[in-house]
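Below is one structure; the comments refer to it alone.
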Amino acid sequence: MNVSGLYAGGITWGQVINNLVGTLGVTIIAVSVAAFLIGALMYISGFISEENKNKGKNLMIGALFGMAVVISAKAIFNAAYFFVYGY
């Protein structure tokens with residue numbers, strides 16, 4: 001079944017959902033990379049204050065955890081998408 005509406009152009013609902021999940025995944029990964037780099041800079045500047053070092057370390061761990069969650073969710077979604085739509 002195609003999506004109806006202005007400028008739809010014969011896109012199926014499966015393609016719309018896949019595009020949305022792909023866009024959100026890339027956006028969250030980009031934000032996580034930026035957070036990791038900020039955390040690394042805070043950790044490096046930890047010689048100024050020990051508090052910055054701890055904040056930087058926690059930010060880097062959180063960013064890595066966020067990337068792992070997004071990547072595993074994307075893998076689970078792709079497996080479910082394959083079983084539902086077959087491609």
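Of a type in the set (Phe, Trp, Tyr) and either under 27 Å from residue 18 (Cα atoms) or not in a helix (DSSP H, G or I) (or both) - does that describe any residue in the range 37-49?
As a first pass, look at the range 37-49 and keep what is of a type in the set (Phe, Trp, Tyr): 43, 47.
If we keep only those that are either under 27 Å from residue 18 (Cα atoms) or not in a helix (DSSP H, G or I) (or both) as well, we get none.
The answer is no; no qualifying residue exists.
So is residue 52 surrounded by 14 or more Cβ atoms within 10 Å (Cβ to Cβ), in contact (Cβ under 8 Å) with a residue 40 or more places away in the chain and polar (S, T, N, Q) or not? When the stated conditions are applied, residue 52 does not pass them.
Within the range 17-40, residues that are closer than 30 Å to residue 85 by Cβ have Cβ atoms under 9 Å from residues that are among the β-branched types (Val, Ile, Thr) and not in a helix (DSSP H, G or I) in these pairs: 19/11, counting only partners at least 6 apart in sequence or on another chain.
Scanning for something modelled with pLDDT under 90, surrounded by 13 or more Cβ atoms within 10 Å (Cβ to Cβ) and polar (S, T, N, Q), does the range 17-27 turn up at least one residue? Yes - at least one qualifying residue is present in the range 17-27.
Check residue 72 against each of (1) touching a helix residue (DSSP H, G or I) at 6+ places or on another chain (Cβ under 8 Å); (2) of a type outside the set (Phe, Trp, Tyr); (3) exposed (fewer than 15 other Cβ atoms within 10 Å of the Cβ); (4) without any contact (Cβ under 8 Å) to a residue 24 or more places away in the chain and name the one condition it does not meet. Unmet condition: (1).
The values are calculated or read from the model by the stated rules, or taken from the named source; none is laboratory data. Because the structure is a prediction, the values reported are computed rather than measured. Neighbour counts are summed over all protein chains in view; Cβ atoms, including those assigned to glycine, are modelled from backbone coordinates with ideal geometry.
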